Amino acid sequence: MLDKKIRTRLIEIVGKAGLKEGEGVKGYSIDDLLPRAILFPRIPEEVEQIVILALEEGLNIIPWGAGTQMGLGALPSHVDFVVCLTHLDRILDQDTENMSITAEAGMRLGAIQESLRHIGPGFFIPLDPPCAEEVTLGGAVAANTSGPSRFMYGTLRDLVLGIEVVIPEETGKVQKTHAGGKTVKNVSGYDMSKLYIGSLGTLAIIVEVTCRILPLPEDRATVVAGFPRSEAPWACVQALLESQLLPTSIEVYNRETTSLFFKHAAYSAKEEAWAAVRLQGIKEAVEREIQEIEKLIRSTGATKFSILRGSKEADHWKQLGRLGFEVRNTGAWSIGLRVSVPISMAQKISDTIAEEGVNINVPFYQLSHAGSGIVYAHVPLYEGLYKEREETLTQTVNALRKQVLEMGGSLVVEYAPAPFKERVDVWGELEGVFPIMKCLKKKFDPGTILNAGRYVGGI
Amino acid sequence: MKKKKLIRKMESIVGKGNVVHSPTGLIVYEYDASLHRALPDAVTFATSAEQVSSLIKLANSANIPFLPRGSGTNLSGGTVPAKGGIVIELSRMNHILDIDLKNQRALVEPGVFNQTLQDALAPLGYYYAPDPASQKVSTIGGNVGENSGGPLCLKYGVTTNHVLGLEVVLPDGQIVQMGGKALEYPGYDLKGIVVGSEGTLGIVTKIIVRIMRLAEEVKTFLAIYDSVEDAGQTVSDIIAAGIMPATLEMMDKLVLKAVEESVHAGYPLDAEAVLIIELDGLAEGMNHLVQRIIEICKKNRVREMEVAESDEERDRLWVGRKGAFGAVGRLYPSYMVNDGTVPRAKLPQVLKKVAEIGKKYGVPIGNVFHAGDGNLHPLILFDERDKNQLELVKRASYEILQACVDVGGTISGEHGIGIEKLQAMWFLFGWKDLDAMWKVKRTFDPRNLCNPGKLVPEIETEKGPTARAR
């Protein structure tokens, strides 16, 4: 509950409609902790005012966008306010001649894409994170989420040109600052945007983002193939990487993943493993790529093969992007892992994950950005099953992490029930550079009011 | 610590022949490719991260500044020892340690020339995308320090987009790893902040870069114009048409003349501007794109177009562009180049403004630049020995930077702030923005010994915005 003085001040800042308490906070829990209030600032200045109040009263803030990534992070040390940025939802500048867009942090990616699609020949932000429609731009930046098309276009670390944030300095000196700009080349001072991208809102609250856009491709197609043996798609991946073809995305996934939500004609239950290759660009180039990839795939023993176009093609990628969401819908106690390894080791770690799944008798729903060395593994769990397997799952995740570290990569638990987060360090231990990160946190957020405890090493 | 004792200690770290401290020896290290000069106290040639670490610890114990140096091609004074101290020369750490095709990575030491890496990769069918014009002599370590660009960066991004891992010696001498061969590591993106930090946050001793397959087909052509505005408009129109060439470079009359006299590339001497346009990708669809570009050029009154039919012809078209800065030395003893960058559509407008500024100060200005990403390189030509002229040049340069900021651009696209543009940072940022940068600097380098006096101007935050040191 809020005390009267704080409630009055909050209403002064965000208005009555911008404050939710009591029943209204349901749906905003973080690792089973309910906040005392949800605030909906409408302009960046209101974010500043909230931060000032939080500093004065020593209250903790959890920034929130669409909430799709709220499972990410260690257990918070405490939760007072959720600051939900979805009312900061304006496009401030669409400069298609410069190929850039500036929008407020709470604007949904789907809405931005929709707006860009209708300008001239049509444009888009080349970013397809999980739940790509509903995520907010600021949320995507804070969590640095990305999707299959990172293979061609990179991540927000490559796409963001400028950023505006509110830094919670000591009382009375809250700082709204900007970094970067709207030019694609910019080395004026430190590249501060990089610091905020992926910082999970622990250094500052992001209120505005400028990023690159591209013209919509002339043509799009996706090749989907099913294989009776799990190693076959990886042979295709390696051959593709060594070729001069230019696919946008190269994905590999397993039978479990397809079983969850594909009632699609492209799929059947027989195949063990699947690959999807997306091609975008000039018509002639796409046609040739399809032909070559078909040849390649058929030579590696595919038993199912189709070429998707138009809305079927778009839906295919939309569905793949909802994998984690669907798994969590199946069981509220589910666990999701994200593994990043050098590209050539993705197959090995994917195999290991599958074997571990057999050993401990739980299915791992896998989806790999195979051309980028990123493997997602989701385990659908309900409470009973989780409790039964808690110990073995802990051992499995720790063992996987050990192997991933030996490969020179990293393993992050993207979401898990709170009891699991008490057993396993969701981020993994950092060496060497951790004191610098800790010091940065102290300099940017000396009162530790932002997302306390949720980032690496309990930052 | 007495200087003699300090020198002896440096010698015990890197070996006797690897410390330069005689006044005549040091003069070679007082400059880079900018107009700034300052003498170091000593220059040391390191061959390992451990040596760099020991040198840094020594500098700390003596409380004197230190800074890294590669080939010294820096254009903004970043390599000039503004406050004296120890120069840590990295040119002998010049080994390509690993080329890992399966993972599309290369591991290099900082003193490797950009071109040396390209030459090692090309026979394997690979390349490293950032290609600064200085690549024959500039080092990968220097490229990381400055977050260098280059013609290809239009399509493929700058250095930061291609650096995946670093070994860094921090300003307290600790050796740490940032990033690696994989793409994702938890925690703040320290690698992202160290790239482009101009050697002010530590010294990079190993670099993991992304390498890419060479494109199947490359088409290079030269478009010749009778007006700079038409050439500028062509650039805007190509981008607006949704075509993303690999490079889109421009040179104006003054530069063409200098280049032609120097390398005989076959550029027309009576043209007002030329564009070098290069497309890369799959062979299929390439002709279609070439046709569209030709149409856009024609619409903008191109006088003539020349397509490179062979690798030799392509190299000939490029040699002039890459040698342009050196070539203007034939016209005047000195030049100052700045690299203000503007939103692409503002290019024709800003080019006009640059010409006006040249007239106003009575200094000739040549233009050679990365037109596709709005990255200008006005070369202001003059004679350094004439102090009056030097002052005018500095003023003209700052006025150009202000003009770039006025249209929503920035003061440096790829050359860095260094010493040269330190005060121009105020055009772009308020004290709060700069204070955030100082938080980073103080985190890494609380004693301000690591390449001090660069990149971020000093501020007095207590007094607020009025403390701006304009």
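We did not get these values from a lab; they are worked out from the coordinates using the rules stated. Keep in mind it's a predicted model, so treat the numbers as computed, not measured. Methodologically, a virtual Cβ is constructed for each residue, glycine included, from the backbone with ideal geometry; neighbour enumeration extends over all protein chains shown.
Just a few scattered comments:
- Positive end of the dipole of the range B:192-300 (Cβ unit charges, origin at the Cα centre): among B:283, B:264, B:200, the Cα lying farthest that way belongs to B:200.
- Summary value for chain A: 17 percent relative contact order, contacts being C-alpha pairs under 8 angstrom separated by 6+ residues.
- Residue A:181 sits among other residues whose Cβ lies under 15 Å from its own Cβ, and their net charge, with Lys and Arg +1 and Asp and Glu -1, is -3.
- Filter on A:283/A:318; A:194/B:352; A:442/B:9 - keep pairs with C-alpha separation over 26 Å: A:194/B:352; A:442/B:9
- The trypsin sites (Lys or Arg not before Pro) of the range A:8-109 that meet both conditions, a loop assignment by DSSP and at most 11 other Cβ atoms within 10 Å of the site Cβ, are A:26.
- If R0 is 25 Å, the Cβ-Cβ spacing of residue B:355 and residue B:218 corresponds to a FRET efficiency of close to 0.15.
- Inter-centroid distance (Cα atoms) of the range A:51-75 relative to the range B:359-413, Å: 46 Å
- In this simple spin-label approximation, residue B:60 and residue A:114 carry label points 7 Å from Cα along the Cα→Cβ vector, and these lie 5.5 nm apart.
- HN-Hα J in Hz across the range A:360-368 - Karplus 6.51, -1.76, 1.60, θ = phi - 60°, x for Gly and Pro: 9, 6, 10, x, 9, 8, 9, 9, 10
- Charges were assigned to the Cβ only: +1 to each Lys and Arg, -1 to each Asp and Glu. The resulting dipole of chain B about its Cα centre is roughly 1860 debye.
- Debye intensity ratio I(q)/I(0), log10, the range B:77-121, q values 0.13, 0.17, 0.26 Å⁻¹ (C-alpha model): -0.42, -0.60, -0.92
- Rg/Rh for the range A:4-86, where both radii come from Cα atoms and Rh is the Kirkwood radius: 0.93
- Top positive-direction residue, dipole computed over the range B:69-161 with Cβ charges, set B:116, B:154, B:96: B:154
- Unsatisfied cross-links (Cα-Cα over 22 Å) in the set A:443/B:57; B:102/B:181; B:353/B:421; A:185/B:206; B:394/B:432; A:438/B:441: A:443/B:57; A:185/B:206; B:394/B:432
- Equivalent ellipsoid semi-axes, the range B:96-213, via Cα gyration tensor eigenvalues times 5, rooted, Å: 21, 16, 13
- Shown here for the range A:382-423: chymotrypsin sites (Phe, Trp or Tyr not before Pro) in loop regions (DSSP other than H, G, I, E, B) with at most 12 other Cβ atoms within 10 Å, namely A:382.
- Model label zone, residue A:238; criterion: amide N under 20 Å from point 7 Å along Cα-to-beta-carbon; scope the range A:266-280: A:272-277
- Applying 0.36 nm per residue to the separation of residue A:23 and residue A:292 and subtracting their alpha-carbon distance, the gain on full extension is 91.1 nm.
- Relative frequency of Cα-Cα separations exceeding 56 Å in the protein assembly as shown, percent: 10 percent
- Here the mean projected area of the convex hull built on the C-alpha positions of the range B:3-89 is 5.1 nm².
- Residue among A:275, A:205, A:17 farthest towards the positive dipole end of chain A, charges placed on Cβ: A:17
- Checking every one of the GluC sites (Glu not before Pro) in the range B:239-314 against DSSP loop status and a limit of 14 other Cβ atoms within 10 Å picks out B:309.
- Here the spin labels are modelled as points 7 Å beyond Cα on the Cα-Cβ line, and at residue A:93 and residue A:1 they lie 4.8 nm apart.
- A viscosity of 1.567 mPa s and a temperature of 4 °C, combined with the Kirkwood radius over C-alpha pairs in the Stokes-Einstein formula, give the range A:323-423 a diffusion coefficient of 96 µm²/s.
- Spin-label pair residue A:312/residue A:45, simplified geometry with 7 Å Cα→Cβ offset, distance in nm: 5.4 nm
- Exposure proxy shown here: for B:61, B:227, B:34, the number of other Cβ atoms within 10 Å sets the order, fewest to most, as B:61, B:227, B:34.
- Here the alpha carbons of the range A:91-215 define both size measures, Rg and Dmax, at 14.0, 49 Å.
- From its DSSP helices (H runs of at least four residues, each -39,500 (n - 2.57)), chain A gives a residue-normalised ellipticity at 222 nm of -10500 deg cm²/dmol.
- FRET efficiency estimate (nearest 0.05) - Cβ-Cβ, residue B:122 to residue A:355, R0 41 angstrom: 0.50
- Calculated FRET value between residue B:387 and residue A:11, using beta carbons and R₀ = 51 Å, to 0.05: 0.20
- Rounded to the nearest 20 debye, dipole of chain A from Cβ charges on Lys, Arg, Asp, Glu: 160 debye
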